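Take a look at the structure set out below.
Here, each number is a calculation from the coordinates, and none is a lab measurement. If you're wondering where the values come from, they're calculated on a predicted model, not measured in any experiment. Positions of Cβ are generated from backbone atoms using ideal geometry, with glycine treated the same way; all protein chains shown enter the neighbour counts.
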């Protein structure tokens, strides 16, 4: 199967976020072929280069929407009229009540608005395809005037109505950048038209090429969101004028809604993302939660030897920053010490940024004040029951060792996304006590204790209860490890995506008809598991392609060899 | 895994609470027993000032939550009404307090008694009986609520502060979204929009571009002086070096400051036009007389006379041109922030453009007069003036992103001048005499200056019309804010 992997500021770039996940996916599904279509996020990212790509990535095409671009394409009169019409529609859709606005009118009205946005978007895309590019037009006076008209029209959103000329210009420029994928030449039959399935690695800008590929070439779209882009958008620019935020939020909201509407399957990474997607109009029938996969191998040793842990040590592992609320943890530990005087706490992690460093210094001060140094006897050098450590040294080579050294892993965050550290602790088979934030409950299930955030006493009570009950600790640890191995391994992640790929393809009408010798269409000629024959019949040819710098390997369409059913099922 | 969802990772809480207050308290040595324990995140720090008057109320409403829950349950039937009701009850505090007192005594007695006495006192002091917990929450997040443009923004902001569905359940909401919707609906929006921040004064462009803009004039003056003071071979070398230096200085001046353009443009046609101003008139005159018989020798009275005065004036006018462009850009930007609509802006910028253009023209006339007098050459006003105007307008259009039209007009003008010369020479061929007639007629009427003056004049007029339409649009001045961050 040929999969078009769409990323934004992600995969092939070294500094890309979620790059690790994509890399594992691509390497894990080696029997499929991947075409990577990447939008870069900044110049730095481009200069940093790519990660080494496995041979199954047959082509990579990139675009840089951050670059100011002047294509110098001047639209003719008819094209300009079409552009003004579509852009006006788009602007009107953005200026009327926002999608999440309950004040907005009834269901039909909002469906009408969504249709209007979609029509305008695809109209602009068609225009861009006909004319070869739209970036000059999207920044032209025609666009700004259309925006102004929409903002001043009756029924426009309150904050959109406040927009003045500079804001209109900024919005036009930002929309131009967001719509840059429209001007790309990715939607031809030799590019995204040739893939069987588009897999967008995130929502928002990365999904836009997928939407257009679906519109132009009927390629099914799969959207994976580990973090909701719409939500990230709300958090990034809190200080911009309200009119800019309102219009851009409307754009991103409508784009997300349209993406969810058109996608064949949406895979949120956790319940939180799922709730946002449902809120933005995703159909529940399309949602499949696929938990992020993590590499369990480094933690296997610790997980299989629960006896090597020091029964009186607690460990906290993570990046040190205020949101982790280490102060609460220290206060809780003070109470734990009152109940269990021999308890020790290891705080393992590096501060993130200057704020984190200041917070670390603060926590060290607090720890020194709360807990005096202790020595075993009058002639020994004392040490503090709370130690701040970093991994990588000879004493603590990796995080797995940190988890392994302790009987109990504590998480005290007040804000948390998906708690990767907690899952690592689960892999290590350690009992955990965590605060009820973010996706903690979802990850831990019933295999650890959960307390309210900012409640040191509750945290302390839970810790003491587990410290005093080694049997319960062991039971919880074993259950946690079993749960993590079932839900959060790389393998489950890859298997889930493999299954979803096949599911989507099995529901997609065949776009390419295979003819038999008589010239009759051959039913089931191109099954979901179809491969290019060169792949395994002639490995040498494959290597030649692999070594070459060019990515253009246009594979023949009709001549495909179906794999045997057993092989397909065994994967 | 570490890379996953980096962007979406919730923000650090900005509200004071996570680590400032408590830790400061413990660092200043207050005993730990005094610490508020088991405080629930929702009602942790609702504005102490607001609640101060109802001290008695707080004492009695010690257990707070059950009372509050019942109250909300009762009013939770019709939510829209509910909001108004709560608003009202928040205003009428005394009545409300009395009510609560009664109900507080009535209901949670058993639980109060069961709590250990020390604990109860501590929690009584800290746990304020929240009449309207959503209002307290709104007060805590008032910045967020006031600036939110839709409920989802409030939801995202609340989540970044650690509010989860479990927290929202305490406010009797199904999830954060519906809590955010209530908060969004309850924010009063009758206040005027915040005054927009004053436009930051344009960054001190510094003196560098002024220096660069003066460079062509200075170098050209030096080259002209060199030509006047030398003879023979050194004069040839001076001319070559001077031309090269002038070209480089011009390039430097156009790369920086207000005359720098976002796109690279070719200077061929500009050089051709300036070259014509230097040599063209002499060539035309000698060609009409049957020449040229010799190459130009760098003097104004040789076989192929050179007119240095207009070129010097144009080189010197680089600085005023940059000044005019700067003036235009800065003023236009100021109008941009001040104007409310696009039509307003266009109307206010048009006189600005014409003013800047007129200013430059005036300065150029003065420079032409001065250089003509100093170099003792006949003042070549019309052709130099139209050329200067043409070049300025072309540059302005290029700077503001309309390089296409500017290049086109420059090319056409240069081609017209070249064609005029070519027809003169072509007319010497047998049977082609008619080719030279138009130029000869023009020269007979206006003198040799007529050809460049007409060509550049038509070009400048075209560009002026074009500029008064294009440069008065807001999109021509948009480049700066959005692209500055990118470059």
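From the alpha carbon gyration tensor of the stretch A:280-334, can you work out the equivalent ellipsoid semi-axes (sqrt of 5 times each eigenvalue) and give them in Å, largest to smallest?
Details: eigenvalues 220, 105, 20 Å².
Here the semi-axes work out to 33, 23, 10 Å.
Give me the compactness ratio for chain A, meaning the Cα radius of gyration over 2.2 N^0.38 Å. Show your work: numbers first, answer last.
On the way: Rg = 27.3 Å, N = 571, 2.2 N^0.38 = 24.5 Å.
Working it through for chain A, the quotient is 1.11.
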Radius of gyration and Dmax for the stretch A:218-284's Cα atoms, expressed in Å? 12.7, 40
C-alpha long axis of helix A:456-467 to longest principal axis of chain A, angle in °: 70 degrees
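Hey, what number do you get for chain A at 222 nm if only DSSP H runs of n ≥ 4 count, each worth -39500 (n - 2.57), divided across all residues, to the nearest 500? If you can, show how the numbers build up before the last one.
Numbers: 24 runs with 267 residues, N = 571.
Taken over chain A, the calculation gives -14000 deg cm²/dmol.
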Pop out the Kirkwood hydrodynamic radius of the stretch B:334-487 from its pairwise C-alpha distances, inverse of mean 1/r, in Å to one decimal. 17.9 Å
Taking chain A as the reference, fit the longest principal axis to its C-alpha atoms, fit the long axis of helix A:470-487 to the helix C-alpha atoms, and give the angle between the two in degrees, 0 to 90, nearest 10. 10 degrees
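Counting each pair of different Cα atoms once, what's the Kirkwood radius of the stretch A:77-175 in Å, rounded to one decimal? Please list the in-between numbers first.
Details: mean 1/r = 0.0722 Å⁻¹.
Value: 13.9 Å, from the Cα pair sum.
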For A:141-151, what's the mean count of beta carbons from other chains sitting within 10 Å of each residue's beta carbon? 3
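If you rank A:355, B:153 by fewest surrounding Cβ atoms within 10 Å, what's the result? Don't skip to the end; give the middle numbers.
Numbers: A:355 14, B:153 25.
Final ranking by Cβ density, sparse to dense: A:355, B:153.
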One can check that the equivalent ellipsoid of the stretch B:397-448, built from the alpha-carbon gyration tensor with semi-axes equal to the square roots of five times its eigenvalues, has lengths in Å, largest first, of 31, 13, 6
Please compute the modelled spin-label separation between residue A:503 and residue B:468, points set 7 Å along Cα→Cβ, answer in nm with one decimal. 6.7 nm
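What is the order of B:218, A:26, fewest Cβ neighbours within 10 Å to most?
Details: B:218 16, A:26 22.
Going from least to most buried by this count: B:218, A:26.
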Gain in span if fully extended, residue B:230 to residue B:244, counting 0.36 nm per residue against the direct Cα distance: 3.3 nm
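Given the stretch A:361-434, report the % of alpha carbon pairs whose separation exceeds 19 Å.
Numbers: 1455 of 2701 pairs.
Here the long-distance tail beyond 19 Å is 54 percent of all Cα pairs in the stretch A:361-434.
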Base-10 log of normalised Debye intensity for the stretch A:305-351 (one unit scatterer per alpha-carbon) at q = 0.25 Å⁻¹: -0.96
Between residue B:174 and residue B:264, what is the FRET efficiency for a Förster distance of 51 Å, r being their Cβ-Cβ separation, to the nearest 0.05? 0.30
Set the Förster distance to 60 Å, then compute FRET efficiency between residue A:442 and residue B:331 from the Cβ-Cβ distance, nearest 0.05. 0.55
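With the Cα gyration tensor of the stretch A:297-488 giving a ≥ b ≥ c as the square roots of its eigenvalues, does the rule (a/c under 1.5 for rounded; else a/b larger than b/c for prolate; else oblate) give rounded, prolate or oblate? Before the final figure, lay out each step's value.
Working: a/c = 1.40, a/b = 1.24, b/c = 1.13.
Rounded.
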The exposure ranking of A:1, B:183, fewest beta-carbon neighbours within 10 Å first, is A:1, B:183
Normalized C-alpha radius of gyration of the stretch A:174-285, against 2.2 N^0.38 Å? 1.08
Please work out the FRET efficiency for the pair residue A:369 and residue A:457, using the Cβ-Cβ distance as r and a Förster radius of 22 Å; give the result to the nearest 0.05. 0.70
Hey, what angle do you get for helix A:242-262 against the long axis of chain A, alpha-carbon based, 0 to 90 degrees rounded to 10? 80 degrees
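Sorting check: for B:278-284, A:248-254, which peptide has the highest mean count of neighbouring beta carbons within 10 Å, and how do the rest follow?
Values: B:278-284: 20.9, A:248-254: 24.1.
Ranked from most to least packed, the peptides come out as A:248-254, B:278-284.
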Report the antiparallel proportion of the DSSP beta bridges in chain A as a percent, rounded to a multiple of 5. 10 percent
